[in-house]
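Q: One structure is given below, represented as structure tokens, and several questions about it will come after.
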Amino acid sequence: MSGAAEYGRPVVDMTAGDRTGADFQAVLLYLKETRGFDFTGYKQTSLSRRLHRRMTQVGIESYPDYIDHLQVNTDEFAALFNTLLINVTGFLRDTDSWDFLRTEVVPKVLQEVGPEAPIRVWSAGCASGEEAYSLAILLTEALGVDAFRQRVKIYATDIDEEALAQARQASYGEREVEGLPPDLLERYFEQQGSRHIFRQDLRRSIIFGRNDLVQDAPISRIHLLLCRNTLMYFNAETQAKILTRLHFALLPQGVLFLGKAEMLLSYESLFKPVDLKRRIFRKVPTRGLAPGAMFSHASTPARRTAGDGDDELREQAFSAGPVAQIVVTADDQVLLVNHQAQSMFGLTSRDVGRPLRDLELSYRPVELRAQVDRVKAERRTLRLKDIEWLRGPAETVWLDVQLSPLVSEGTVLGVSIVFQDVSAARRLMDELEHANRQLESAYEELQSTNEELETTNEELQSTVEELETTNEELQSTNEELETMNEELQSTNDELQTINERLSERSVELDDLNNFLESILTSLRSGVIVVDVEMRVIVWNRGSEELWGLRRDEANGQHLLNLDIGLPLSELRPLVRSALVDADPAGEVTIAAVNRRGRAVSVRVVASPLRSRGGDTEGAILVLEEN
Ligand SMILES: C[S@@+](CC[C@H](N)C(=O)[O-])C[C@H]1O[C@@H](n2cnc3c(N)ncnc32)[C@H](O)[C@@H]1O
């Protein structure tokens, strides 16, 4: 279902309809239900004017369409509240009134408070904080920095969280500080670029918080209360309610400072003017039956006739009780309401003498009517524990409610109902439980972390053991390697020696070879040596010259296959016998043709080639030309 249908279609066009009619109320209801802002106590015509201004800015003409717009664009709420909760303010706003406060009022208040006592100040509807910081400046000027820091507490409240967030920053631009005299600006602000930041040491004495003047309990024991340019936005009934609360908030003789446009015409029993023009008032202490003192004349005959000081004292004592309390008569009329009950449930003097059932209190925060009947019937105290009460949009309060029968000479005169706010204890319990749960889960995490660490530790230990074993193995391998290395080294040394000997031998052999070579070369005869296969292994210079065949051409060839001018077949028997027979040498003379083509006679002597052991390894042929 669309918002428009839910909150009051059919559409009444703004140009045609009543601006505070059903459609307008539907918007207010929507704001209350979705955001907890209750605007019913505000002056409806100015509220609708401002709402209409906002609607014009976003180009919407009817309230139902605007509800639709809010439903789709949640950012619109902030813009709307900025328009509705006019946050206009300034430092030392209305200089003349502030001068009067500084010169006439504050000195008197400080004198009454005395030289040491704490000073409690409340700026209600503080918007973006300028009023609270102005108060801090004024009181520091009067007391000095140290005394201000030690003695003063400034409570600065507003319904608008966005304005409060700005106030908490304590940071203002050039235009915002325009109203401050330059010397105060210099002494109380630190310049950071184009911003002016209020002194941090004094800032600590100012406590910002959300407080709805219509719904929330007031701050108490206040010496100086500023509620400027805020009351004027409420209708008469809500103003009365707020003023009763402001009255309660102030200490006897406390001072109330209102805005220029705000008057207190019909509240002379609550406040008397100090300076009417500047809207500065003193609290009238509640002696007797002032509107703020919630006692019923009608139903207390003794009070009517006696009028003595004791009765008044009893009433005052009851009124000042620290917990909210009301008393109803035997026929369920409200007889007494103390200050705490007044501020807690928004009761006024008009509620005294009314039947309990006519008050919202009779069923909210807890159903009381049946309980009152029960207490009267059973004549015993009844305790209702942990009653949850949604006091504001975001404020939950827990109450213990105690109903006690008031009996005299066997007759029930009435019932006392005491409402004890146990929210703090409850919150503490909740926090404790929460902390406990967190502790438990932290403990569990710790335990599992511990277990993991233990496991990791064990793993590490076994890794260390493995590494130790590996290390030992490596060490013994190393030792083995060292031994092997030493052995290799000595083998190497031996090899080196052998090698050296071999090279010595090789040199000797080379020498020997060279020697043999030179012998063979020097011989004029041809010398041919063959192996057992008759392959040429030596062919000396004499053979080259005799037959015209080079050594490299002859070496490795079968002797009988050589192409020389010697009939080799005639040599065969001679060579064979040298290879095979034991006969040491044989010879033969063969006719041949030498390299120059001349016929020659060649004497060939063949001897076996023997090894040291006596084996025949080939044959040696010596050839000479006759
Ligand atoms: C015009 S400003 C006044 C600021 C300052 N006191 C001054 O006079 O310069 C009115 C302030 O009243 C606040 N306000 C409106 N309704 C309120 C409520 N129900 N409870 C507390 N503050 C409220 C607005 O948010 C706004 O910041």
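Read-outs: derived from the displayed coordinates by stated rules, not from any lab. From a predicted model like this one, the values you see are computed outputs, not experimental measurements. Note that we place each Cβ from the backbone using ideal geometry, even for glycine, and neighbour counts take in every protein chain shown.
Q: When Gln402 is evaluated against the numbered criteria (1) of a type outside the set (D, E, K, R); (2) part of a helix (DSSP H, G or I); (3) more than 33 Å from the chain's Cα centre (by Cα), which criterion, by number, is the only one it fails?
A: (2)
Q: Let me ask another. Could you name every one of the strands (runs of 3 or more DSSP E) located completely within region 200-259 that has at least 1 residues being within 44 Å of the chain's Cα centre (by Cα) and over 15 Å from Thr157 (Cα atoms)?
A: 222-227, 250-258
The rows are residues; the columns are (1) of a type in the set (Phe, Trp, Tyr); (2) farther than 17 Å from Gln325 by Cβ.
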residue: Leu382; (1), (2): no, no
residue: Trp389; (1), (2): yes, no
residue: Val412; (1), (2): no, yes
residue: Leu428; (1), (2): no, yes
residue: Leu439; (1), (2): no, yes
residue: Tyr443; (1), (2): yes, yes
residue: Asn450; (1), (2): no, yes
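Q: For region 525-601, give me every one of the helices (runs of 4 or more DSSP H) that falls completely inside it and has 2 or more residues that are among the small types (Gly, Ala, Ser) and in contact (Cβ under 8 Å) with a residue 24 or more places away in the chain.
A: Passing ranges, in order: 541-547, 572-580.
Q: To continue, here is another question. Quick one: which of Phe234, Phe208 is surrounded by 15 or more Cβ atoms within 10 Å (Cβ to Cβ) and within 10 Å of the ligand (Cβ to nearest atom)?
A: That would be Phe234, the only listed residue that is surrounded by 15 or more Cβ atoms within 10 Å (Cβ to Cβ) and within 10 Å of the ligand (Cβ to nearest atom).
Q: What residue, among those in region 18-45 that are among the aromatic types (Phe, Trp, Tyr) and more than 16 Å from the ligand (Cβ to nearest atom), is farthest from Glu161 (Cα to Cα)?
A: The qualifying residue farthest from Glu161 (Cα to Cα) is Phe24.
Per-residue answers, yes or no, for (1) without any contact (Cβ under 8 Å) to a residue 60 or more places away in the chain; (2) in contact with an Asp or Glu (Cβ under 8 Å, 6 or more places away or on another chain):
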{"residue": "Val145", "(1), (2)": "yes, yes"}
{"residue": "Asp160", "(1), (2)": "no, no"}
{"residue": "Gln169", "(1), (2)": "yes, no"}
{"residue": "Gly173", "(1), (2)": "yes, no"}
{"residue": "Gln192", "(1), (2)": "yes, no"}
{"residue": "Leu202", "(1), (2)": "no, no"}
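Q: Also, I was wondering about something else. Scan Ser490, Ser506, Ser476 and give me the residue that is part of a helix (DSSP H, G or I), among the small types (Gly, Ala, Ser) and within 30 Å of Asn540 (Cβ to Cβ).
A: Just a single option satisfies the conditions, and that option is Ser506.
Q: In region 65-117, which residue that is within 16 Å of the ligand (Cβ to nearest atom) and of a type in the set (Phe, Trp, Tyr) is nearest to Ala167 (Cα to Cα)?
A: Across region 65-117, the extreme among qualifying residues is Phe91.
Q: I'd like to know if region 72-82 contains one or more residues that are in contact (Cβ under 8 Å) with a residue 40 or more places away in the chain, closer than 26 Å to Gln215 by Cβ and not in a helix (DSSP H, G or I).
A: No, the conditions are met nowhere in region 72-82.
Q: From Thr89, Thr95, Thr157, which residue is polar (S, T, N, Q) and farther than 23 Å from Gly254 by Cα?
A: Among Thr89, Thr95, Thr157, only Thr89 is polar (S, T, N, Q) and farther than 23 Å from Gly254 by Cα.
Q: Under the condition of being of a type in the set (Phe, Trp, Tyr) and part of a helix (DSSP H, G or I), which residue from region 126-166 is farthest from the ligand (Cβ to nearest atom)?
A: Phe148
One line per residue, one yes/no per condition, for (1) free of Cβ contacts under 8 Å to residues at least 24 places away in the same chain; (2) closer than 21 Å to Gln215 by Cα:
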residue	(1), (2)
Thr348	no, yes
Ala370	yes, no
Arg380	no, no
Ile387	yes, yes
Gly392	no, yes
Val415	no, no
Phe419	no, yes
